Amino acid sequence: MSDYSLELNEDQLQIQKWVHDFAEDVVRPAGREWDEREETPWPIIEEAARNGLYSFDFIAQCFADPTGLLMCLVNEEMSWGDAGIALAIFGSTLAVAGIFANGTPEQIGEWIPQCFGTPEDVKLAAFGVSEPDAGSDVSSLKSRAVYDEAKDEWVLNGTKTWITNGGIANTHVLVLSVDPSLGSRGQASFVVPEGTPGIAQGQKFKKMGIRASHTAEVVLDDCRVPGRCLLGGKEKLDERLARAREGKRTSTQAAMATFEASRPIVGAQAVGIARAAYEYALDYAKERKQFGRAIIENQAIAFKLADMKMHTDAARLLVHRAANMASTGKKFESGEGSMSKLYAGENAVWVTEQAIQILGGYGYVRENPVEQWHRDSKIYTIFEGTSEVQRLVISRAISGIHVN
């Protein structure tokens, strides 16, 4: 008798409904306002903290789910409400993933709670890898971390860009080069605690979509952090660098360890946007009448909606497979994490475009949310690895050849 099932368990269903209700009652009604304001929606984040949704305990519960699905379910529902607000609320979890993937148990215990704060004193966190000249090519980081042995401090210099919560975060987790000659193998992750001198926000970007999520540069100017802020510790770093200099295999690089864990979650966000657009277009097609009948009675519309539903369900299955594989320790043999993010992101762009087409002129105006969902969806083919990078990862995995 097989125990294989696609059904969610009772705990997952209850949390899914709880998060959906918050997304429906609090997030979606606020979506248009914060999209137009292009500001961090502090009242919504604070409401999520009071509700228990934005908290260390809840995120720990999600990551502890043995199936790996709970974090994906939560992100899908929140992005169904509004992707920009969802990213503003859950942007801190990327820093959490960076600490969890690279930190010691003591560092995990110390720093992750500080990423959230308390309902009375809400904190934000940020994770930074990208630089002006190093986006998809994370091996080309120019930011440097130099160890000051006399003071047991690391001196950080450089500029990070496209950073969610960058500059406004209380805790920054940043990947910098320790030994540039080793490329990506010579990098390490550092925690920059709140109040550290030498870290500042640079340019804030005005974006096409996900406008409620703050995106900015982070500038490091002789920023000094204690030795304990090196995730994983110096002894482990020295051993890894020594192996790399000898040409031996090293453990997963700091940036990639974080992205591998986060790609299915990002894919789930894209699924949420696509689902929102599909449901809205379906309801519209049932109500909108042309030539004396509902437009869904026309095959051109009905078949379009059928494809939107089919592709969105397929994207969710890829996301859930990758999340479950990551959680249960199964290796991504064929780039399954990249598959989930790639397919879900491109599907969200396509589905939201189809939703606009179904609504016609009404889909192109701000009175209806589909135009915003289309703007929000595009970033999912760009951040956390572009579609081209995901295809590169998949092609290398299935061929065993270093495709360029």
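The values are calculated or read from the model by the stated rules, or taken from the named source; none is laboratory data. Owing to the predicted nature of the structure, the values given are computational and were not obtained by experimental measurement. Neighbour counts run over all protein chains shown; Cβ positions are idealised from the backbone, glycine included.
Quick notes on this structure:
- In the condition set (1) modelled with pLDDT under 95; (2) part of a helix (DSSP H, G or I); (3) surrounded by fewer than 15 Cβ atoms within 10 Å (Cβ to Cβ), MET325 is compliant with all but (3).
- Residues considered: VAL173, VAL191. Of these, the only one that is crowded, with 17+ Cβ neighbours inside 10 Å and within 18 Å of the chain's Cα centre (by Cα) is VAL173.
- Residues that are surrounded by 18 or more Cβ atoms within 10 Å (Cβ to Cβ) and either on the phi < 0 side of the Ramachandran plot or aliphatic (A, V, I, L, M) (or both), drawn from the stretch 328-343: PHE332, GLU336, GLY337, SER338, MET339, SER340, LYS341, LEU342, TYR343
- Residue within the stretch 384-404 that is surrounded by 18 or more Cβ atoms within 10 Å (Cβ to Cβ) and outside any helix (DSSP H, G or I) present: yes
- Qualifying position, being of a type in the set (S, T, N, Q), crowded, with 19+ Cβ neighbours inside 10 Å and over 21 Å from GLY202 (Cα atoms), among SER143, SER79: SER79
- Checked against the criterion of being modelled with pLDDT under 95, crowded, with 23+ Cβ neighbours inside 10 Å and in the same structural domain as TYR362 (by TED's automatic domain parsing), the candidates THR258, THR312 yield just one match: THR258.
- Selection within the stretch 267-299 - assigned to a helix (DSSP H, G or I) and either touching a Gly at 6+ places or on another chain (Cβ under 6 Å) or at pLDDT below 95 (or both): ALA270
- Subset of the stretch 51-91 [closer than 20 Å to VAL122 by Cβ and among the hydroxyl-bearing types (Ser, Thr, Tyr)]: TYR54, SER55
- Residue ID - farthest from the chain's Cα centre (by Cα), chosen from residues in the stretch 354-376 that are aromatic (Phe, Trp, Tyr) and surrounded by fewer than 18 Cβ atoms within 10 Å (Cβ to Cβ): TYR362
- Meets criteria (outside the structural domain of GLY167 (by TED's automatic domain parsing) and touching a helix residue (DSSP H, G or I) at 6+ places or on another chain (Cβ under 8 Å)) for PRO41: yes
- Subset tally (residues that are assigned to a strand (DSSP E or B), in contact with an Asp or Glu (Cβ under 9 Å, 6 or more places away or on another chain) and not β-branched (Val, Ile, Thr)) for the stretch 200-231: 7
- For the stretch 47-70, the tally of residues that are of a type in the set (A, V, I, L, M), closer than 17 Å to ILE99 by Cβ and out of contact with any Ser or Thr (no Cβ under 8 Å at 6 or more places or on another chain) stands at 2.
- Single residue of ILE99, ILE85 found to be crowded, with 23+ Cβ neighbours inside 10 Å and touching a Leu at 6+ places or on another chain (Cβ under 7 Å): ILE99
- Enumeration of residues in the stretch 194-205 that are under 24 Å from ARG228 (Cα atoms) and either of a type in the set (A, V, I, L, M, F, W, C) or in contact with a helix residue (DSSP H, G or I) (Cβ under 7 Å, 6 or more places away or on another chain) (or both): ILE199, ALA200
- Taking the stretch 200-237 as the range and being charged (D, E, K, R), out of contact with any strand residue (DSSP E or B) (no Cβ under 8 Å at 6 or more places or on another chain) and either closer than 27 Å to ALA30 by Cβ or at pLDDT 95 or above (or both) as the test, the residues that pass are LYS206, ARG211, ARG228.
- Looking across the stretch 13-61 at every residue that is buried (at least 19 other Cβ atoms within 10 Å of the Cβ) and closer than 20 Å to THR328 by Cβ, the one that is modelled with the lowest pLDDT is identified as ILE59.
- From the list LYS236, LYS207, the lone residue that is surrounded by fewer than 21 Cβ atoms within 10 Å (Cβ to Cβ) and closer than 23 Å to ILE112 by Cβ is LYS236.
- Checking the stated criteria, GLU106 turns out to be assigned to a helix (DSSP H, G or I) and surrounded by fewer than 14 Cβ atoms within 10 Å (Cβ to Cβ).
- All of (1) under 18 Å from HIS320 (Cα atoms); (2) part of a helix (DSSP H, G or I); (3) of a type outside the set (Asp, Glu) hold for PHE22 with one exception: (1).
- Meets criteria (outside the structural domain of ILE382 (by TED's automatic domain parsing) and either surrounded by fewer than 24 Cβ atoms within 10 Å (Cβ to Cβ) or out of contact with any strand residue (DSSP E or B) (no Cβ under 7 Å at 6 or more places or on another chain) (or both)) for GLY158: yes
- Taking residues in the stretch 360-374 that are assigned by TED's automatic domain parsing to the domain that holds GLU287, and partners anywhere that are among the hydroxyl-bearing types (Ser, Thr, Tyr) and buried (at least 20 other Cβ atoms within 10 Å of the Cβ), the pairs with Cβ atoms closer than 7 Å and at least 6 places apart or on different chains are VAL370/THR352; TRP373/THR352; HIS374/THR352.
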